[in-house]
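S.K.: Could you have a look at this structure, given as structure tokens, before my questions?
The values are calculated or read from the model by the stated rules, or taken from the named source; none is laboratory data. Computed from a predicted model, the values in this text were never measured in an experiment. Positions of Cβ are generated from backbone atoms using ideal geometry, with glycine treated the same way; all protein chains shown enter the neighbour counts.
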């Protein structure tokens, strides 16, 4: 089964191997140690990912980096609306082929979003909402996700945002109509098996199986969409690497970076970007 493109924004999953140990990297120079952890934005409560070793490394970090700061969640929602709403006479119906529109409107209505509201959405935002609403119905919660959990655990320690909320949506907002329609078709094709498909992915994530994750998260989902892969993965990783070199590695001590798991996979990963900038990186587990 081809995994959903939306998995890059959030690696949706639930199903644990007997011993959960998601992958963790250590990047370092002479006086700075930075742990790199690829997480999941939305999880089912009780997913057993935060083991004692990972918790100890996080608790020992004086500075924490995430894609966006926890206080920016509401701003992220506003950014999605700014970039993803259509102005009449344009509508979701005019942006999609008739068959795709009919299916999208039907599925969104089933999940509680009436057609009158859906008409204002660009196809990429409609596809995103389709997946998020289905996941919510299946029991996945943002409050159970990696960033939300770590933000609470961080206490008073500073959490530094690697980008503004709109930066993560820019690649989607820049899609041409053909690619937007392709994303809508993929999301609709996968909605019926979303829970089972993501459960298989979470097993790979929890087990630290990077080959399986890269195949599902990077190779399959971006097949035929190289521009989206460039903007959602490579460009953002490049900017984040520059930020970390300029900020985290300019400060002696220990830092912890928590980003979506897809950003630490493949040749365009944050790991590779840091190595290209002269930072030593090793996988710890």
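To keep it simple, each residue is scored yes or no on (1) buried (at least 22 other Cβ atoms within 10 Å of the Cβ); (2) more than 20 Å from residue 160 (Cβ to Cβ).
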site: 228; (1), (2): no, yes
site: 233; (1), (2): yes, yes
site: 250; (1), (2): no, no
site: 261; (1), (2): yes, no
site: 268; (1), (2): no, yes
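S.K.: Look through 56, 80 and report the one residue that is at negative phi, out of contact with any strand residue (DSSP E or B) (no Cβ under 8 Å at 6 or more places or on another chain) and either touching a residue at least 12 places away in the same chain (Cβ under 8 Å) or surrounded by 14 or more Cβ atoms within 10 Å (Cβ to Cβ) (or both). If you could, list the steps in order and put the result at the bottom.
M.R.: On the way: 56 fails: either touching a residue at least 12 places away in the same chain (Cβ under 8 Å) or surrounded by 14 or more Cβ atoms within 10 Å (Cβ to Cβ) (or both).
So the residue among 56, 80 that is at negative phi, out of contact with any strand residue (DSSP E or B) (no Cβ under 8 Å at 6 or more places or on another chain) and either touching a residue at least 12 places away in the same chain (Cβ under 8 Å) or surrounded by 14 or more Cβ atoms within 10 Å (Cβ to Cβ) (or both) is 80.
S.K.: Applying the selection to region 263-285, what residues are in a loop (DSSP other than H, G, I, E, B) and over 18 Å from residue 208 (Cα atoms)?
M.R.: 268, 277, 278, 279, listed by residue number.
Here's the yes/no breakdown for (1) more than 23 Å from residue 186 (Cα to Cα); (2) under 18 Å from the mean Cα position of the chain (by Cα):
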| position | (1), (2) |
| --- | --- |
| 92 | no, no |
| 119 | no, no |
| 126 | no, yes |
| 145 | yes, yes |
| 152 | yes, no |
| 156 | yes, no |
| 161 | yes, yes |
| 166 | yes, yes |
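S.K.: Still on this structure, please answer the following. Check whether at least one residue in region 15-28 is surrounded by 15 or more Cβ atoms within 10 Å (Cβ to Cβ), over 24 Å from the mean Cα position of the chain (by Cα) and modelled with pLDDT of 95 or more, and report yes or no.
M.R.: yes
S.K.: Oh, and also: Out of 102, 74, I need the residue that is exposed (fewer than 13 other Cβ atoms within 10 Å of the Cβ), outside any loop (DSSP other than H, G, I, E, B) and at pLDDT 95 or above. Which one?
M.R.: Answer to the check: 102.
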